[in-house]
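Presented below is the structure to which this report refers.
The values are calculated or read from the model by the stated rules, or taken from the named source; none is laboratory data. All of these numbers come straight from a predicted model, not from anything done at the bench. All Cβ positions, even for glycine, are placed from backbone atoms using ideal geometry, and neighbour counts span all protein chains on display. SASA here: full protein model, heavy atoms, side chains in, ligands and nucleic acids out. Shrake-Rupley method; radii C 1.70, N 1.55, O 1.52, S 1.80 Å.
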Amino acid sequence: MPIVLIFLCFFCMFGCVNAEKTQARFTAKKYYEISLQYKKEGKLSKALKTLEELKKHFSYDSYSLSASLLIADIHFERRDYVLAAGLYTQFQKIYPKTKSQYVHYQLGRSYFYQLPKSADKDLSVGELALQNFQPLLRKSSPYKKEAKKYVKKIQTLKSKKDFLAALFYSKKKWNPSAWKRLQILIKEYPESPFVPEALLLSYKLAKKMNKNPSSFKNRLLKEFPKSEQAKSL
């Protein structure tokens, strides 16, 4: 075979491969753009179906990575927070350095919205939320301000649980148990709105338990002078 024909065959083969890659790339991109449009229009089921098709046919394309994250976002938007959390966690494990701050933020929110509204329920999912918000508080993150708001809400709920438990124990005269929960509240949640009540109850229990009541009284008067608890002393 003449050398010219060999070069022509090689050129055609190389061109076909590149054309296939370009076509696949374009198609994957098109799938993604269509799914974004569906999401924008509120057609979330159609968006999910389109993204699943993208992942099925173009699993090694970079748009497949973007599709995985968008699928999690759509489930979050649909308020399926358990499924969304699972998908964000999976994405985090496979792509730990890709949009890590965003994934932490969304994971934290997914767990936050699973929290019960009542403080007397199981709040353990709040710890998972805090674990994901925490890295955003230590960095110069675009999510720092919002993360702080969620952290404050979680800590308020958890401190309320400690205070209600302490109140219950004190009424039962289980003073050591009440004391323990109050000190956890005061130490771990210093910005909680339940701190003044915790200080007042600690003051009362300290007198019964031969501890140092004046430290709690002084702190209450100094830090919360206008509170109802301070006025009651």
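Per residue, what volume in Å³ does the convex hull of the Cα atoms of the range 191-233 enclose? Provide the component values of the computation, followed by the final result.
Values: hull volume 2.6 nm³, N = 43.
Roughly 60 Å³ of hull volume per residue.
Please sort 87-94, 106-113 by packing, taking for each peptide the average over its residues of neighbouring beta carbons within 10 angstrom, highest first.
Details: 87-94: 16.8, 106-113: 23.2.
Per-residue Cβ counts within 10 Å, averaged per peptide and sorted highest first, yield 106-113, 87-94.
If you split all Cα-Cα distances of the range 90-186 into 5 Å bins from zero, what percentages do you get per bin, shortest first?
2, 14, 20, 17, 15, 11, 8, 6, 4, 2, 0
Using 0.36 nm per residue, how much length does the chain from SER124 to TYR95 gain when fully extended, once their Cα-Cα distance is taken away? Present the calculation step by step, with values, prior to reporting the outcome.
Values: separation 29, 0.36 × 29 = 10.44 nm, distance 2.62 nm.
Roughly 7.8 nm would be gained on extension.
Quick check: residue separation of LYS49 and LYS144 times 0.36 nm, minus the Cα distance between them. What number comes out in nm?
30.9 nm
Taking all protein chains in place and a 1.4 Å probe, what share, in percent, of the accessible surface of the chain do carbon and sulfur account for?
Carbon-and-sulfur percentage of accessible area, whole number: 57.
Kindly provide the chymotrypsin sites (Phe, Trp or Tyr not before Pro) of the range 145-233 that DSSP labels as loop, not H, G, I, E or B, and whose Cβ sees at most 15 other Cβ atoms within 10 Å. Could you put the intermediate results ahead of the total?
On the way: sites: TYR150, PHE163, PHE168, TYR169, TRP174, TRP179, PHE194, TYR203, PHE216; in loops: TRP174, PHE194.
Those that pass, being in a loop and sparsely packed, are TRP174.
Which value, in Å², gives the accessible area per residue of the range 63-131 when a 1.4 Å probe is used on the protein heavy atoms? Provide the component values of the computation, followed by the final result.
Numbers: 3560 Å² over 69 residues.
Accessible surface, normalised per residue, equals 52 Å².
Just to make sure I understand: if all protein chains stay in place, what is the order of ASP61, ASP80, ASP122 by accessible area at 1.4 Å, largest first? Write out the running numbers ahead of the final one.
Working: ASP61 30, ASP80 65, ASP122 110 Å².
Final ranking, largest accessible area leading: ASP122, ASP80, ASP61.
Taking the Cα-to-Cβ direction at LEU233 and at LEU164 and moving 7 Å from each Cα, how far apart do the two end points lie in nm?
Reported label-point gap for LEU233 and LEU164 is 2.8 nm.
Given charges of +1 on the Cβ of Lys and Arg and -1 on the Cβ of Asp and Glu, with all other atoms neutral, how large is the dipole of the chain about its Cα centre, in debye to the nearest 20?
Numbers: 45 positive and 19 negative charges, 299 e Å.
It comes to approximately 1440 debye.
Find the percent of Cα-Cα distances in the chain that exceed 26 Å, and round it to a whole number.
Numbers: 15628 of 27028 pairs.
Of the Cα pairs, 58 percent sit more than 26 Å apart.
Put +1 on the Cβ of every Lys and Arg and -1 on every Asp and Glu Cβ in the chain; which of LEU83, GLN114, TYR32 then has its Cα farthest towards the positive end of the dipole?
It is GLN114, whose Cα lies furthest towards the positive end.
Nothing charged except the Cβ atoms of Lys and Arg (+1) and of Asp and Glu (-1): what's the magnitude of the dipole of the range 114-233 about its Cα centre? Round to the nearest 20 debye.
Result for the range 114-233 is approximately 260 debye, rounded to the nearest 20.
Please list GLU228, GLU77 in order of solvent-accessible area, largest first, computed with a 1.4 Å probe with all protein chains present. Don't skip to the answer; put the middle values down first.
Details: GLU228 130, GLU77 90 Å².
So the residues, ranked largest to smallest area, are GLU228, GLU77.
Quick one: if the Förster radius is 22 Å, what FRET efficiency do ASP80 and LEU137 give, using the C-beta to C-beta distance and rounding to 0.05? Working shown, then result.
Working: r = 27 Å, r/R0 = 1.22.
Using R0 = 22 Å, I get an efficiency of 0.25.
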